[in-house]
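As structure tokens, the structure follows; a few thoughts come after it.
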Amino acid sequence: MSGSYYVPETSKWPALGSAAVGLMMIGMGVVLVHGVGSLVLGLGTVAVLAVMWFWFRDVVIESRQGLYDAQMDRSFRWGMGWFIFSEVMFFAAFFGTLYYVRVFALPWLDGEGAKGIATLLWPDFTASWPLMNPPDSSISGPRDIVSPWQLPLVNTLFLVASSITLTVSHEALKEGLRATARNWLIVTLALGACFLVVQGVEYYEAYTHYGITLDAGIYGSTFFLLTGFHGFHVTVGVVTLAVMLGRILKGHFSRDDHFAFEAGAWYWHFVDVVWIGLFLFVYVF
Amino acid sequence: MAPKLPPQHTLEQSSATTTAGQAQEHDHHHGGPTGIKRWLLTTNHKEIGTLYLLFSLSMFFIGGIFALVVRAELFQPGLQLVEPEFFNQMTTMHGLIMVFGAVMPAFVGLANWMIPLQVGAPDMALPRLNNFSFWLLPVAFGLLLSTLFMPGGAPNFGWTFYAPLSTDYGPPSTTFFIFSLHIAGISSILGAINIIATILNMRAPGMRMMDMPLFVWTWLITAFLLIAVMPVLAGVITMMLMDINFGTSFFDAGGGGDPVLFQHLFWFFGHPEVYIMILPAFGIVSAIVPAFARKPLFGYASMVYATASIAILSFLVWVHHMFVVGLPLAAELFFMYTTMLIAVPTGVKVFNWVTTLFRGSITFETPMLFALAFIVMFTIGGFSGLMLAIVPADFQYHDTYFVVAHFHYVLVPGAVFAIIAGAYYWLPKWTGHYPDERLGRWHFWLSVIGVNLTFFPMHFSGLAGMPRRIPDYALQFADFNMVSSIGGFIFGVSQLLFIAVLIKCVRGGEKAPAKAWDGAEDLEWTVPSPAPLHTFETPPDLTSQAPQRH
Amino acid sequence: MWNVIKSVLAAFFGVQKERRRQEDFTHGEPIKFIVVGILLAIVLVVVIAMIALTVAG
Amino acid sequence: MRMVLAWVTGMGAAFLLAPAVYANGWNMPVGVTEISQDIYSLHMAIFWICVVIGVVVFAVMFYSLFRYRRSQGAKADNFHENTTVEVLWTTIPLLILVGMALPATATLQKMYDPSGADLDVMVTGQQWRWHYEYLDEDISFTSSMSTPGTQIRGEEERADEYLLDVDNPLVLPVDQKVRFLLTSDDVIHSWWVPDLAVKQDAIPGFVNENWVRIEEPGIYRGQCTELCGKDHAFMPVVVHAMEQDDYEEWLADRKEEAEAEANSVDREWEMDELMERGEQVYGSVCATCHQDDGSGSGEFPALAGNEEMLDDVDWHIDAVVNGVSGTPMAAFGGNLNAVELASVITYERNAWDNDTGDVVQPSEIQELLE
């Protein structure tokens, strides 16, 4: 094992990648602030995706050339593990926001608790969750809310099921049953795609029928913050797993060498767990 | 782990392109690209470390110039040089650049250079990711600095950017500022992941956790803090972005949000951030003091425990930045008690350093001078920190120059001095030459004088009632401010000496042997000076050796 | 288990006998220490919070 | 080695000098309330504890630096652990901290009890002035910095109260418990008077409580202590504490004035009257952004020759009363009364060569407000 740690000599992807990220961010800023420049944003996004493609491609190639050893494998594992931890903290900030608003801010504005004197400013305000009537009457709250027992429940089932099918696929890969692994991965992907479609339908209904919008006060704000970023993560997960499917079809991965697949699975399970939290605290309670 | 599958078409296709070249190059280490391309494409931890350090140094000067604009305006009462709008942009940019652009990248640069050397690894665990982390920084700070030229000016709401001043009332450039922080945050997270993976996975055989040098330990814990809190910062600035551009009400009571929520989220990031900027400094000082006292560090294990305690406590004290926002009594008490507790592990560290000096055999080369000044002045900053922890007293200190004095004592003669000390300490390893001792001493003494002239009077102006972040002040603060401004310019200008030292040291000077300081013990001193581009390609085996420290 | 708790408490306090530490780091399972460490940190938070709440009435 | 000696003596001297300097009046004010005196004692107690610890630690440190110089032939020892001293220097600081926490907790409990107040004052922060409302007395007014721009720009000698003077100070009775209810109309401000040891953030949409019982009559000055934008440096707080009798007299005068102004809403006002009153209001409320000469600054438009405003009097009234959304222009309908609004609008339409000749009557505005 000594002396075999693979250190790539040079690579243009990191530098190109940061330029691409810069281009994308500048594009996004110009679009938001000045309302122009979607071309820059588009170019930047394509550039980021392209760099990711080529960079990961290099890694795959190196891996298949046998340049990586067990120590490299552990580096990837630590890297992915801590990356997921950072994602956990990202969502923790949002869940913390939801908690703070519901437990502290709204009751205070309504005259409850240690800082309840705030009610002086909002004499007509009554706290409730979901918050249908924000303190400032010029902000119109949602007219209705999404029932957790309809589309969100369906989506919960989709995601929980997909976690199970993905585990089956993973086990199959570990047993060397490539066709089985492939089939269950396809099922997982289908479930993930269904989730996204349902989420899209739900957003459409929220905007058009329920009046749940980004500017409908704190309920709409937290609703879209949490479900939106979760949905984005599901999208990333679906793309990742789709790439894994492609690699299985190309004959990559062996019984004991398939960390890319495993990392994708970790990520997918993480996204699933976040959804359970969302389902409970955004929809049910 | 060798692939067990038969080669597929992908592999054939690939060998024709990139990797064939790379596999070949792998045998000729110095055959890579040259010139600017070498720096753009490098995956070498030493080169990337150098890039980080040079970037940090340039940001240090840019942020320093902003500080001097502030100090120049404050030299006398009245508005002389700049308008209040621009003054606010300067204080804001100074803070942001120094925190995110100078101090943090400097520590990451030192980590890049030294951690693989100190744990006996051939490179960082994920070398390409390492390069990506670095090159995100010029992009982020280019974007941040460009806001100075945007209509409405740069961010002007302080480096803490409290909502709603930064949301409903911020300049249009705020959106760009948010994106630049996002990029810098991604860079920090990826850099920290890399450092953790390196420390946990790349140690030479036989090096146990409790054998690691303290710089490695402190960085391990710092990296953990970074990964835990940078995403929270990303989250809160994303919420700002949405309040500004998409009509959400996170920080607006009218919609059911709360401006104070911003502060909770910000300081949940911000307080650990403060330790992110000081823990690696503890590590550096813990390397230098024993080296020049020629005596093992006293209480190695308690240093590790103290660092870990500080890290845990850092998640429990964020509200002490917010004692006057109006919180329930129980919250104020809880956070007062937890904040006071931090004094214990911090005190242990200082006691350990002092005891390390006791009955040593001490010499006073430049790195040691900076490290000793660190101990004294960081302790002064610690004392004022303890005073600030007492909630009733904090009601009088909060947001005055007393606070400015406090955190600058911790950050300038604290973090910055430690970075400079580390640079002097490791320069022989980097360049193969000793830094000029005479110039180094001049640099040290002028810095010490400048720093104390600048920041000591701020304790007084703060106690006398001068608020932070004001471009003009009442007449009774005039003398203090004049002294502070003179001190600021002395400190600022004397940093040019540091540049002179660096240039001289790179070009020549007394040749340094592998073990450049006779009291230095860690692994980096076993490789030649200057360290060749590739070191420890075969890891040193420490299993047979007696444990380093016990 | 009691030994693990004692070691973690010693670490919280910052002082431990060298011999004991050697034992922990050679024979102990890290995961035990981490779990106990997190639990005891929570206990610490709860204790301080209880004090604060009691004092605040 | 002489350098080390110089350093030792230098740092030592600086450290010993520090307390002497403290004693010379550069310290935190003792203040004029029981709380402020408690805080002062806490502050000094912690300060001296820190000094003692500092002296002990640095004494050991500098002794070691001096005594164990290699140049003097010092040979290094090899010890690196001692459980006894480590236990001691963990335990002793813990005990000291407990000793500090006890009085701090007691003081804090006292500060957190605003019950039984004799007088409630609502303090509202606005960019960049304070608005005070005496809740049971039906009196409210705006308090803006009165230091002229000429002093700030150095065209005139600076007064002693440079930047710390206002047009309408907050007037409070001594020996009465006064409760403050603090809030803000725009961004976060912080209301601070060092002598009263009250520093409390004013948060938009929320209300904070604090209180004082002032022991001595006098004029106490402070400043906004939370960055609140461009003129953060220019929103001082002045509290005028009076004996109860004087306070009541002041209160009666104020009420009379307010009543007279309220009664005068319905009558026809002359141009001159409106211009005079308008200039006052403008100087107190509008000039920080739009400048004394109406020339504007930065994002705040010039009012002199402003066509949008001059062409359409209704737009002008609406802008002042309800604010202009998407700009920093705040709504003043809630803070100024009909007379003040009418006069300031009239003033803006006729000052600085605007000369439209338009007269906006308070009665007109009153209708709008209702």
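Every number in this text was worked out from the coordinates using simple rules, so none of it is lab data. What you see is a predicted model; the values in this text were computed from it and never measured. Cβ atoms come from the backbone with ideal geometry, glycine included; neighbour counts cover every protein chain shown.
Taking each residue of A:98-110 in turn, how many C-beta atoms of other protein chains fall within 10 Å of its C-beta, and what is the average? Mind showing how you got there, number by number?
Working: counts 0, 0, 7, 6, 1, 0, 6, 10, 4, 0, 7, 8, 0.
The mean count of partner-chain Cβ atoms within 10 Å per residue comes to 4.
Name the residue from A:Thr180, A:Leu157, A:Phe90 whose Cα lies farthest towards the positive end of the charge dipole of the range A:75-284, charges +1 on Cβ of Lys and Arg and -1 on Cβ of Asp and Glu.
Farthest along the dipole direction, towards plus: A:Thr180.
Taking the Cα-to-Cβ direction at C:Ile42 and at D:Arg267 and moving 7 Å from each Cα, how far apart do the two end points lie in nm?
Reported label-point gap for C:Ile42 and D:Arg267 is 7.4 nm.
Taking the Cβ-Cβ separation of B:Ser146 and A:Glu175 as r and a Förster radius of 56 Å, what is the calculated FRET efficiency to the nearest 0.05? Spell out each step's value before the answer.
On the way: r = 55 Å, r/R0 = 0.98.
In this case the efficiency is close to 0.55.
Out of residues 5 or more away from B:Glu510 or on other chains, whose amide H comes under 5 Å of its own, with H placed 1.01 Å from N in the peptide plane?
B:Tyr434
In a shell of Cβ-Cβ distance under 12 Å around D:Leu119, excluding D:Leu119 itself, what net charge do Lys and Arg (+1) and Asp and Glu (-1) give?
Details: positive: D:Lys177, D:Arg179, D:Arg213; negative: D:Asp118, D:Asp120, D:Glu133, D:Asp136, D:Glu137, D:Asp175, D:Glu248.
Taking every other residue near D:Leu119 into account, the sum is -4.
Please report, in whole Å, how far the alpha carbons of the range D:227-313 spread along each principal axis, starting with the longest.
50, 42, 16
Between the range D:52-86 and the range A:256-285, how far is it from one alpha carbon centroid to the other, in angstrom?
Using only Cα atoms to place each centre, the spacing works out to 54 Å.
What angle do you read, to the nearest 10 degrees and between 0 and 90, between the alpha-carbon axis of helix A:217-249 and the longest principal axis of chain A?
Compared with the principal axis, the helix lies near 10 degrees.
May I ask you to evaluate 6.51 cos²θ - 1.76 cosθ + 1.60, the Karplus curve with θ = phi - 60°, for each residue of the range A:251-263 and list the ³J(HN,Hα) values in order in whole Hz, giving x for glycine and proline?
x, 6, 6, 10, 4, 10, 9, 8, 5, 4, 4, 5, 4
Give me the inter-chain shielding for D:36-49: mean count of other chain Cβ atoms within 10 Å, whole number please. Show your work: numbers first, answer last.
Numbers: counts 3, 0, 2, 8, 3, 2, 6, 8, 1, 2, 8, 6, 0, 3.
Rounded to a whole number, the mean comes out at 4.
Using the Kirkwood formula on the Cα atoms of chain B, what hydrodynamic radius do you get, in angstrom to one decimal?
Values: mean 1/r = 0.0408 Å⁻¹.
About 24.5 Å, per the Kirkwood formula over Cα pairs.
Counting only Cα atoms, I'd like the Rg/Rh figure for chain C, Kirkwood definition for Rh. Intermediate values should be presented prior to the final figure.
Values: Rg = 14.0 Å, Rh = 12.5 Å.
Radius of gyration relative to Kirkwood radius: 1.12.
Near B:Lys295, which aspartates and glutamates are there with a Cα under 14 Å away, not counting those fewer than 8 places off in the same chain?
Qualifying aspartates and glutamates at Cα under 14 Å: B:Asp518, B:Glu521, B:Asp522, D:Asp77, D:Glu81.
Quick one: which of D:31-44, B:40-53, B:245-258 comes out on top by average Cβ neighbours within 10 Å, and what's the full order, highest first?
Working: D:31-44: 20.4, B:40-53: 23.2, B:245-258: 25.5.
For the peptides D:31-44, B:40-53, B:245-258, the packing ranking is B:245-258, B:40-53, D:31-44.
When DSSP assigns beta bridges and you keep just the ones with both residues in chain D, what percent turn out antiparallel, to the nearest 5? List each step's numbers first, then the result.
On the way: 31 of 43 bridges.
So the antiparallel bridges in chain D amount to around 70 percent.
How far is the Cα center of the range A:90-155 from the Cα center of the range A:211-236, in Å?
Distance between centres, Cα-based: 14 Å.
Pairs of Cα atoms under 8 Å, at least six residues apart: use those to get the relative contact order of chain B, whole percent. Please list the in-between numbers first.
Values: 878 pairs, mean separation 93.6, N = 550.
Reported as a whole number, the value is 17 percent.
Tally Lys/Arg at +1 and Asp/Glu at -1 over every other residue whose Cβ is under 9 Å from the Cβ of D:Val193; what's the total?
On the way: positive: D:Lys199, D:Arg221; negative: D:Asp195.
Its environment carries a net charge of +1.
I'd like the distance between the alpha-carbon centres of the range D:134-182 and the range D:322-367, rounded to an integer number of Å.
23
Would you mind checking the tilt of helix D:34-67 against the longest principal axis of the Cα atoms of chain D, expressed as 0 to 90 degrees and rounded to 10?
The angle comes out at about 40 degrees.
Using DSSP, restrict attention to beta bridges with both residues in the protein assembly as shown and report what percent are antiparallel, rounded to the nearest 5. Walk me through the intermediate numbers first.
Details: 35 of 48 bridges.
Here the share of antiparallel DSSP bridges comes out near 75 percent.
For the range A:152-285, compute the orientation-averaged projected area of the C-alpha convex hull (one quarter of its surface), in nm².
Numbers: hull surface 30.7 nm².
Projected area, direction-averaged: 7.7 nm².
Using alpha carbons only, what's the Rg to Rh ratio of the range A:41-132 with Rh from Kirkwood?
Looking at the range A:41-132, the ratio lands at 1.35.
For D:Val171, list long-range residues whose amide hydrogen, built 1.01 Å from N in the peptide plane, is under 5 Å from its own amide hydrogen.
It is D:His240, by chain and number.
Under a plain spin-label model, where a point goes 7 Å from the Cα along Cα-to-Cβ, how far apart in nm are D:Glu156 and D:Asp312?
Between D:Glu156 and D:Asp312, the label points sit 3.7 nm apart.
Excluding B:Arg468 itself, calculate the net charge of residues whose Cβ lies under 12 Å from the Cβ of B:Arg468, where each Lys or Arg counts +1 and each Asp or Glu counts -1. Mind dumping the intermediate values first?
Numbers: positive: B:Arg469; negative: B:Asp399, D:Glu226.
Around B:Arg468, the charge tally is -1.
How crowded by other chains is B:339-349, given as the mean number of beta carbons from other chains within 10 Å of each beta carbon? List each step's numbers first, then the result.
On the way: counts 0, 8, 6, 1, 6, 10, 5, 1, 9, 7, 1.
So the per-residue partner count for this stretch is 5.
How long are the three semi-axes of the equivalent ellipsoid of the range B:80-162, in whole Å, if each is the root of 5 times an eigenvalue of the C-alpha gyration tensor, listed from largest down? Don't jump to the answer; show the numbers that get you there.
Details: eigenvalues 242, 35, 14 Å².
Rounded to whole Å, the semi-axes are 35, 13, 8.
Can you give me the long-range amide H partners of D:Ile139? Hydrogens built in the peptide plane at 1.01 Å from N, cutoff under 5 Å, separation of 5 or more residues or another chain.
Counting only residues 5 or more places away or on other chains, the set is D:Tyr134.
Which order do the peptides D:261-272, D:160-171 take when ranked by the mean count of other beta-carbon atoms within 10 Å per residue, highest first? Before the final figure, lay out each step's value.
Values: D:261-272: 12.9, D:160-171: 19.2.
The peptides rank, most packed first, as D:160-171, D:261-272.
Quick check: residue separation of D:Glu215 and D:Ser297 times 0.36 nm, minus the Cα distance between them. What number comes out in nm? Let's see the in-between values first.
Details: separation 82, 0.36 × 82 = 29.52 nm, distance 4.28 nm.
The D:Glu215-D:Ser297 span can extend by a further 25.2 nm.
What is the Rg over Rh value, at two decimals, for the protein assembly as shown, using alpha-carbon atoms and the Kirkwood definition of Rh?
My calculation puts Rg/Rh at 0.98.
By what distance, in whole Å, do the Cα atoms of the range A:78-232 stretch along each of the three principal axes, largest value first?
Each principal axis gives a Cα extent; for the range A:78-232 these are 68, 38, 20 Å.
Using the scaling law 2.2 N^0.38 Å as the reference, what is the normalised Cα Rg of the range D:119-262?
Working: Rg = 15.0 Å, N = 144, 2.2 N^0.38 = 14.5 Å.
Working it through for the range D:119-262, the quotient is 1.03.
Among D:Leu227, D:Ser144, D:Leu108, whose Cα projects farthest towards the positive end of the dipole of chain D, with charges put on the beta-carbon of Lys, Arg (+1) and Asp, Glu (-1)?
Among D:Leu227, D:Ser144, D:Leu108, the one farthest towards the positive end of the dipole of chain D is D:Leu108.
Could you list, in their original order, any pairs among A:Lys115/D:Lys177; C:Lys17/D:Lys75; A:Lys115/D:Lys230; D:Lys110/D:Lys199 whose Cα atoms are separated by more than 25 Å?
Working: A:Lys115/D:Lys177 20 Å; C:Lys17/D:Lys75 27 Å; A:Lys115/D:Lys230 30 Å; D:Lys110/D:Lys199 15 Å.
Pairs exceeding the cut-off: C:Lys17/D:Lys75; A:Lys115/D:Lys230.
With the convex hull built on the Cα atoms of the range D:191-261, state its orientation-averaged projected area in nm².
Numbers: hull surface 26.1 nm².
The orientation-averaged projected area of the Cα hull of the range D:191-261 comes to 6.5 nm².
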